[in-house]
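Notes follow once the structure below has been shown.
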Amino acid sequence: MNNGGAKRMNGAGEEDDDEDYVNGDLDAWERTYTDERSWESLQEDESGLLRPIDNKALYHSQYRRRLRSLSSTATAARIQKGLIRYLYIVIDLSRAASETDFRPSRIVVIAKHVEAFIREFFDQNPLSQVGLLTIKDGVAQCLTDLGGSPESHIKALMNKLECSGDSSLQNALDLVDGYLNQIPSYGHREVLILYSALSTCDPGDIMETIQKCKKSKIRCSVIGLAAEMFICKHLCQETGGTYSVALDESHFKELILEHAPPPPAIAEFATANLIKMGFPQRAAEGSISICSCHKEAKVGAGYACPRCKARVCELPTECRICGLTLVSSPHLARSYHHLFPIAPFDEVPPSNLNDPNHKLQRNCFGCQQSLLNPGNKPGLLVVCPKCKRYFCLDCDIYIHESLHNCPGCDSFRHSKAD
């Protein structure tokens, strides 16, 4: 009995050892390399030595590179932008989306950054609407209809992240074309496809479907999470969209957020239209009415259409009864900055920082924090080309991405008016 118990104990100990080995019983330095991929956080300096990457400076340089490219295209010619956008996000949920080359998996990374993109999209495009489609088992399904509520889209997406089967690009394009064909002519029709597979299993000729999308004025863009595919590149070239392949998670985030600002309108389709809009009043808190969105009685806050008095839950939207576009005045005001964007700030050259004759502003004009690093050495900073005020990197990003006004220029106008 004792020998048997000893054997069982030894056997259990061996199983535990095997389990520890399988689970990766690594030293701390090994876990750092295995889990964090820390070798990707090193770069070579001027002297040939390795040092950690300054993520803040790297992020700012990427941001300024994108800002310059947008500014150069905007100043080269007068570009008409679509402020009322109808965008469908097509998410590939085939078995390829469960691959683990993106940690922990492709679909987890996609869901995380789609959530951030939806919030950023509505922040920059308050008059626009988004819908979600998925591709799974060779079938395209509509997850959410076009709407202006980010929370409803995010909630629906998080509940449908199972991956299986093959992907069908043609079925997704056919479904999107059927939905976007009903959009008014003043709306800009767009599709953003997040594609994980390396093939497409289609029931017919996808080239005909691509030409149908082109004829319907649908701008198709694709972000691939695997290798480049000819059919995706051909689709984007034919419809005026962009095609790119993500190298890693940070690159994928950068690529998807590039689709948040309004793209230039396609030249032959860019026609000016007068749009009739309604500005509904908010209903009283205790009022009871039937919601035209959900077809049920609701108590409390809502909006009443000024034309037919139908109740809607959120803005912007289109009245289900009379078809009037319903918005609020802040939505129009927030769309204004796309028409007249603030100019990029100039980086202060190192020669000016070390010049004793050059009078350097010691505090950021925006946040009033010191512009000097430890040791009274000037850090990276920028200057407004108009008012010549100095700003730190954080304020530079905040001014161009959220505020859309230069505090230095505004203060100069107010002092001049006084």
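In the full protein assembly as shown, how much of Glu254 is accessible to a 1.4 Å probe, in Å² to the nearest 10?
So the heavy atoms of Glu254 present about 50 Å² to solvent.
Please state the shape class of the stretch 150-242: rounded when a/c is under 1.5, otherwise prolate if a/b exceeds b/c and oblate if not, all from the C-alpha gyration tensor.
Oblate is the answer for the stretch 150-242, as a/c is 1.5 or above yet b/c matches or exceeds a/b.
From the square roots a ≥ b ≥ c of the eigenvalues of the alpha-carbon gyration tensor of the stretch 142-185, which class results: rounded (a/c under 1.5), prolate (a/b over b/c), or oblate?
On the way: a/c = 4.41, a/b = 1.09, b/c = 4.04.
Note, shape of the stretch 142-185 comes out oblate.
For the stretch 175-227, report the accessible area per residue in Å² (1.4 Å probe, heavy atoms, rounded to an integer). Working shown, then result.
On the way: 2210 Å² over 53 residues.
That works out to 42 Å² per residue.
Using a cut-off of 11 Å between beta-carbons, work out the net charge of the residues near Leu87 (Lys and Arg +1, Asp and Glu -1, Leu87 not included).
With Lys, Arg at +1 and Asp, Glu at -1, the neighbours total +2.
Please go through the residue pairs Lys112/Lys160; Lys136/Lys160; Lys81/Lys388; Lys155/Lys217; Lys276/Lys309 and name each one whose alpha carbons sit more than 21 Å apart in this structure.
Those over the limit are Lys81/Lys388; Lys155/Lys217.
Per the 1.4 Å probe, what fraction of the accessible area of the stretch 80-269, in percent, lies on carbon and sulfur atoms?
51 percent
With Cβ to Cβ distances under 13 Å as the rule, what net charge do the other residues near Ile135 carry (K, R +1; D, E -1)?
Net charge around Ile135: -3.
What net charge do the residues around Val108 carry, taking every other residue with its C-beta under 13 Å from that of Val108, with Lys and Arg at +1 and Asp and Glu at -1?
Spelling it out: positives minus negatives among the neighbours equals -2.
The values are calculated or read from the model by the stated rules, or taken from the named source; none is laboratory data. Here the structure is a predicted model, which is why all the values come from computation and not from measurement. Neighbour counts are summed over all protein chains in view; Cβ atoms, including those assigned to glycine, are modelled from backbone coordinates with ideal geometry. Accessible surface is based on the protein model in full, side chains and every heavy atom, while ligands, DNA and RNA are left aside. Shrake-Rupley method; radii C 1.70, N 1.55, O 1.52, S 1.80 Å.
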